[in-house]
1. So in the stretch 62-83, with the set limited to residues that are in contact with a Ser or Thr (Cβ under 9 Å, 6 or more places away or on another chain) and in a loop (DSSP other than H, G, I, E, B), which one is modelled with the lowest pLDDT?
2. Tell me, which residue of the stretch 111-140 that is out of contact with any Ser or Thr (no Cβ under 9 Å at 6 or more places or on another chain) and at pLDDT 85 or above is surrounded by the fewest Cβ atoms within 10 Å (Cβ to Cβ)?
3. Can you pull out the residues in the stretch 150-192 that are assigned to a loop (DSSP other than H, G, I, E, B) and buried (at least 21 other Cβ atoms within 10 Å of the Cβ)?
4. Looking only at the stretch 120-133, decide whether some residue is without any contact (Cβ under 8 Å) to a residue 24 or more places away in the chain, more than 18 Å from the chain's Cα centre (by Cα) and in a strand (DSSP E or B).
5. Could you grab me the full set of residues in the stretch 134-149 that are within 18 Å of Val83 (Cα to Cα) and not in a strand (DSSP E or B)?
6. Output the residues belonging to the stretch 38-59 that are within 20 Å of Thr155 (Cβ to Cβ) and among the small types (Gly, Ala, Ser).
Amino acid sequence: MKKFFYPIAVLFFILILSCGEETLPKPKAQLRLEYPEALYELEAKDLPLTFEKNKLAKAVYQSGANNRQKAVNLEYPLLNATVYLSYMPVTNNIDSLLRDAQNLTQKHVVKADDIQSDLYENEVRNVYGMFYQVLGNAASQSQFYATDSVNHFLTGSLYFYAKPNFDSIQPAAAYIQNDMVRLMETIVWKKP
């Protein structure tokens, strides 16, 4: 009988000592992304407008389909993203330019959870436009257009070089969206 009593007593004693605080699962880790403070510089090369861009972004100029159309890519190597800027002169085609810019944003409705739009007007600088924030797993997280309605028209679209996963790229998208808003706010058209 002692042969059974001692092992059972030791097992019971171990079970009593092991009971203490309740074991809780480890909390999920939160990714903490920190980006450098945005420092801005004037960008004026080869465009009929000037604007401020983040020094973190590298401006890469490209020729358009004709000499009048201009394209600039603001590349963010640290964030694996690019803001594609396209400039077109207005030549009695403001309606089609506006329609094309708005349709580009509407193409993301299929994947987007929501598209928020903010009207932008600066009567002093003669800059009018719209900024779109695309929420969800869409290919482009932000887009905008700006115009003076008479001579100049600029569009911009943000794309990441990664599979669209809004939760993962949201901090980087928010950082670049601030840069895009700053770009719109600092546009100065050159005289044609």
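The values are calculated or read from the model by the stated rules, or taken from the named source; none is laboratory data. Computed from a predicted model, the values in this text were never measured in an experiment. Every residue, glycine among them, receives a Cβ derived from its backbone with ideal geometry; neighbour counts consider all protein chains shown.
1. Here the residue is Gly64.
2. Residue satisfying both the conditions and the ranking: Val124.
3. Residues of the stretch 150-192 assigned to a loop (DSSP other than H, G, I, E, B): 150-151, 161-165, 186-187, 190-192.
Within the stretch 150-192, Ile187 is the sole residue that qualifies.
4. Checking the stretch 120-133: at least one residue is without any contact (Cβ under 8 Å) to a residue 24 or more places away in the chain, more than 18 Å from the chain's Cα centre (by Cα) and in a strand (DSSP E or B).
5. Asn137, Ala138, Ala139
6. Residues of the stretch 38-59 that are within 20 Å of Thr155 (Cβ to Cβ), as a first pass: 43-54, 57-59.
Those that are within 20 Å of Thr155 (Cβ to Cβ) and among the small types (Gly, Ala, Ser): Ala44, Ala57, Ala59.
Every residue, every condition in (1) of a type in the set (Asp, Glu); (2) over 22 Å from Lys190 (Cα atoms), yes or no:
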site: Met88; (1), (2): no, no
site: Thr91; (1), (2): no, no
site: Asp100; (1), (2): yes, yes
site: Gln106; (1), (2): no, yes
site: Leu135; (1), (2): no, yes
site: Ser142; (1), (2): no, yes
site: Ala146; (1), (2): no, no
site: Gln170; (1), (2): no, yes
